[in-house]
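Down below is the structure, laid out as structure tokens.
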Amino acid sequence: MKTLALLGSTGSIGKQTVEVAREKNIKIDALAAFSNVTLLEEQIREFKPSLCAVVDEKAGRELKIRVSDTDTKVLIGEEAVTAVATESKAEILLNSLMGRCGIRPTVEAIRSGKDIAMANKEPLVAAGDIILDEVKKAGVRLLPVDSEHSAIFQCLDNTHNSKKFIKRLIITASGGPFFGKTKEELEKVTLADALCHPTWSMGQKITVDSASLMNKGLEVIEAVRLFGVPADKIEVTVHRQSIVHSMVEFVDSSILAQMGNPNMKHCIAFALTYPERQPSLCTPLDFTKSFSLTFDKPDENTFTLLPLARRAVTWGGNAPAVMNSANEEAVALFLKEKIRFVDIFTLVEDAVNSLPHMEKVTLDSLEEDDKLAREFVREHVRA
Ligand code: MG
């Protein structure tokens, strides 16, 4: 049985990963989270990991006292996440951290020879070339956990020499809570409206990204990185039922789709037990009852972050990273109700169009771009 290092264990995907680990008897050797000590203590007592990283200092000190009777070593601070990712003897690391903070731990975990199950899309968006390069050098597996990419991966896994025969990838989008809304209607939406997702239950940041379709934009870039397909061959279709998780069209016009009721535990379990498939507790589709599947064109004139993401990845260099950091900052401001929903669109677009373009990115240049993009967003809110 595989051993797992789990980054982001107290978030939405983290908690579902813990359930999968419990169901499949997967050993968890390392945990990392921001500050939820109550849940971390429970996870430590149940899974007895050798290591646990806590980003928040105060929370870390409290956890150390709470679990002093166990054999788990508690490390504190942002660097502790990277230390845990490297030091753990786990064979596979599932990264479900939120945002670009997952970049360094991912790179270091790859260097230490771990397979990566990637639920955290921002590192692939911002530092895709660096991560792919490290994966190649280390000869480890990079397995997608995002439902759309898991679907594409599963469709490609069954066809001999599959990548050579791809005509296009078709990524499905639920459309989020604002599907069908006009620009004028979006002016008036509230935070509560944005957090009300029709089909998937997720963390707040990704739920807002789903409402703005930035999430789909990030997923187009993620697909470019994972499958080596250019952005103009990646189509997005709005599929309200979230049953078809994505599709691959091959050169002979044959289309393969991966389907199932929306449940992230399927994607998590698939990545953690790959190349095997394990029996699942997820509710299967019931074809004895009639149901419909619909597909619609996304409104890219209103939801402009989706075409922006395509432009950013085609432009390359630091453009996807700048877009991602500006979006993280804008969404954080929206979650604090400091800006309107529609302001996210203009702030992110302006940041990408205004900040200096750099062809070559390194881990250090990415830190710098991140600071610049966040400052840009904050300054333009004040202005
Ligand atoms: Mg997704």
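Rule-based calculations on the coordinates, nothing more; no lab input. All of these numbers come straight from a predicted model, not from anything done at the bench. With ideal geometry, Cβ positions are generated from the backbone for all residues, glycine too; neighbour counts draw on all protein chains shown.
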> Non-local amide H neighbours of GLN258 (under 5 Å, H modeled in plane, Pro and chain starts lacking H): which ones?
Replying inline: HIS245, SER246
> Placing +1 at every Lys and Arg Cβ and -1 at every Asp and Glu Cβ, with all other atoms neutral, what dipole size does the chain have around its Cα centre, in debye to the nearest 20?
Replying inline: 720 debye
> Near LYS27, which lysines are there with a Cα under 24 Å away, not counting those fewer than 8 places off in the same chain?
Replying inline: LYS2, LYS15, LYS48, LYS64, LYS73, LYS89, LYS114, LYS265
> Using modelled backbone amide H atoms (1.01 Å from N, in-plane), which distant-in-sequence or interchain residues come within less than 5 Å of ALA173's amide H?
Replying inline: THR237, VAL238, HIS239
>> If I take R0 = 45 Å and measure r between the Cβ atoms of LYS27 and THR346 in this structure, what FRET efficiency does the formula 1/(1 + (r/R0)^6) give, to the nearest 0.05?
In response: 0.40
> Over the Cα atoms of segment 129-264, how large are the radius of gyration and the largest Cα-Cα distance (Dmax), in Å?
Replying inline: 16.1, 50
> Taking Cα centroids, how far is segment 284-319 from segment 16-76 in Å?
Replying inline: 36 Å
> If you take the square roots of the eigenvalues of the alpha-carbon gyration tensor of the chain and sort them as a ≥ b ≥ c, do you get rounded (a/c under 1.5), prolate (a/b over b/c) or oblate?
Replying inline: rounded
>> Can you tell me how segment 139-181 classifies by the Cα gyration tensor, rounded, prolate or oblate, using a/c under 1.5 as the rounded cut?
In response: oblate
> Using modelled amide H (1.01 Å from N, peptide plane; none on Pro or chain starts), what sits under 5 Å from the amide H of LEU31, excluding residues fewer than 5 places away?
Replying inline: LEU6, LEU51, CYS52, ALA53
> Once you wrap a convex hull around the alpha carbon atoms of segment 3-144, what is its projected area averaged over all directions, in nm²?
Replying inline: 7.2 nm²
> Residues of segment 225-255 with amide nitrogen under 20 Å from the 7 Å Cα-to-Cβ point of THR288?
Replying inline: none
>> Calculate the FRET efficiency for LYS360 and ASN261 from the Cβ-Cβ distance with a Förster distance of 30 Å, rounded to the nearest 0.05.
In response: 0.10
